[in-house]
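The values are calculated or read from the model by the stated rules, or taken from the named source; none is laboratory data. Please read these numbers as outputs of a predicted model, since none were measured by experiment. Backbone-built Cβ (ideal geometry, glycine too); neighbour counts: all protein chains shown. Surface areas here come from the heavy atoms of the whole protein model, side chains and all, with no ligands, DNA or RNA. Shrake-Rupley method; radii C 1.70, N 1.55, O 1.52, S 1.80 Å.
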Amino acid sequence: MLFADKLVPYLRDLQTQTEDRYQRLVEQMRQAEGVTEEWKARDPMAWVGRMNGIAAPARTIVMEEWGKR
């Protein structure tokens, strides 16, 4: 029980940090590449494709950073 009392909060914190880092990376990459909401409204399929192209490397970066902890 003591182990779980420490592990669960630690894992929740780690998950929160990881999700926040991922969201920040996606937002930075989206802005750098000019992927806008206007583009989303004009050409949703192209927007989804570009966002998928942004999400994949962002996910890789976060996982690599997490693995170095």
Exercise. Does W47 meet the test of being out of contact with any Leu (no Cβ under 6 Å at 6 or more places or on another chain) and closer than 23 Å to D13 by Cβ?
Worked result: no
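Examine the stretch 41-54 for a residue that is in a helix (DSSP H, G or I), surrounded by fewer than 10 Cβ atoms within 10 Å (Cβ to Cβ) and within 12 Å of the chain's Cα centre (by Cα), and state whether such a residue exists. Walk me through how you get there before you give the answer.
Within the stretch 41-54, the subset in a helix (DSSP H, G or I) is 41-42, 44-54.
Restricting the remaining residues to those that are surrounded by fewer than 10 Cβ atoms within 10 Å (Cβ to Cβ) gives 41, 45, 52.
If we keep only those that are within 12 Å of the chain's Cα centre (by Cα) as well, we get 52.
Yes: one or more hits.
Could you list, in sequence order, the residues of the stretch 19-39 that are surrounded by 11 or more Cβ atoms within 10 Å (Cβ to Cβ), in a helix (DSSP H, G or I) and at pLDDT 95 or above?
Keep residues of the stretch 19-39 that are surrounded by 11 or more Cβ atoms within 10 Å (Cβ to Cβ), which gives 19-30, 33, 35-36, 39.
Now restrict to residues that are in a helix (DSSP H, G or I): 19-30, 39.
Within the stretch 19-39, E19, D20, R21, Y22, Q23, R24, L25, V26, E27, Q28, M29, R30 meet the criteria.
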Problem set entry | Output for the stretch 17-69, where each listed residue is among the small types (G, A, S) and touching a residue at least 12 places away in the same chain (Cβ under 8 Å) | A55, A58
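Can you tell me how many residues within the stretch 55-65 are of a type in the set (A, V, I, L, M, F, W, C) and open to solvent by 30 Å² or more (accessible area, probe 1.4 Å)?
Residues of the stretch 55-65 that are of a type in the set (A, V, I, L, M, F, W, C), as a first pass: 55-56, 58, 61-63.
Within this subset, residues satisfying the condition of being open to solvent by 30 Å² or more (accessible area, probe 1.4 Å) are 56, 61, 63.
Total meeting the criteria: 3.
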